[in-house]
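Derivation of every value follows stated rules applied to the coordinates shown; laboratory data play no part. Because the structure is predicted, anything quoted here is derived from the model rather than measured. A quick note on method: Cβ atoms are made from the backbone with ideal geometry, for glycine too, and the neighbour counts reach across all protein chains shown.
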Amino acid sequence: MFEKNLPYVEEIDEPLLTEEFKLVEEEYKKSPNPTSQVKFNYAWANIKSSKKADQQKGIDLLYEIYKENPARSRECQYYLAIGEYRLGNYKEAKQYIDTLLQFEPKNQQFINLKNKIDSKVQDEGILGMAIVGGIAAVAGTLLMKFLRN
């Protein structure tokens, strides 16, 4: 069963429109002591940004919410997993989602996010092996050239 308050995996790579981001940011900045929900909305807007600095800001805000409001730990962990994923910190993202799956092993949204993280790790692993293989081939060619001379 899908949770209505958690984003679907398909949505996590879609950035907010600039206007939407500005509205959420204004709401956050106008209050000297924003509520947990206002802070959470701003964290999510930052995580959805295409800028790494904004994404990190979103993660930092989620950590604050997590510490201040333990009742939102499940929600924060899910969004932290997304934030770490978007930053390319797949190990951290996987740790968050694996923790959630320990308590809710049949939660389809958690499973979908875990699959997305695993797929990205596999894709990057294959790319990394191709790069290493290419470097090894070039090094081997150069070594053979030097040995012939």
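Okay, residues lined up against (1) of a type outside the set (A, V, I, L, M, F, W, C); (2) part of a helix (DSSP H, G or I); (3) in contact with a strand residue (DSSP E or B) (Cβ under 9 Å, 6 or more places away or on another chain):
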| residue | (1), (2), (3) |
| --- | --- |
| Glu20 | yes, yes, no |
| Asn33 | yes, no, no |
| Lys39 | yes, yes, no |
| Ser49 | yes, no, no |
| Ile59 | no, yes, no |
| Ile65 | no, yes, no |
| Gly83 | yes, yes, no |
Please indicate, with yes or no, whether at least one residue in the range 1-18 is part of a helix (DSSP H, G or I), of a type outside the set (Phe, Trp, Tyr) and more than 24 Å from Asp118 (Cα to Cα). yes
Within the range 63-84, track down each residue that is over 15 Å from Ile111 (Cα atoms), among the small types (Gly, Ala, Ser) and buried (at least 22 other Cβ atoms within 10 Å of the Cβ). Gly83
Taking the range 76-91 and keeping residues in contact with an Asp or Glu (Cβ under 9 Å, 6 or more places away or on another chain) and either among the aromatic types (Phe, Trp, Tyr) or under 17 Å from Thr35 (Cβ atoms) (or both) leaves Tyr78, Tyr85, Tyr90
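Could you look through the range 30-62, keep only residues that are of a type in the set (A, V, I, L, M, F, W, C) and more than 22 Å from Asn107 (Cβ to Cβ), and pick out the one that is farthest from the chain's Cα centre (by Cα)? Spell out how you get there, then give the answer.
The first filter runs over the range 30-62 and keeps only residues of a type in the set (A, V, I, L, M, F, W, C), leaving 38, 40, 43-45, 47, 53, 59, 61-62.
Next cut, more than 22 Å from Asn107 (Cβ to Cβ) only: 38, 45, 53, 61.
Details: Val38: 20, Ala45: 13, Ala53: 13, Leu61: 14 Å.
Step by step, filter the range 30-62, then rank; the result is Val38.
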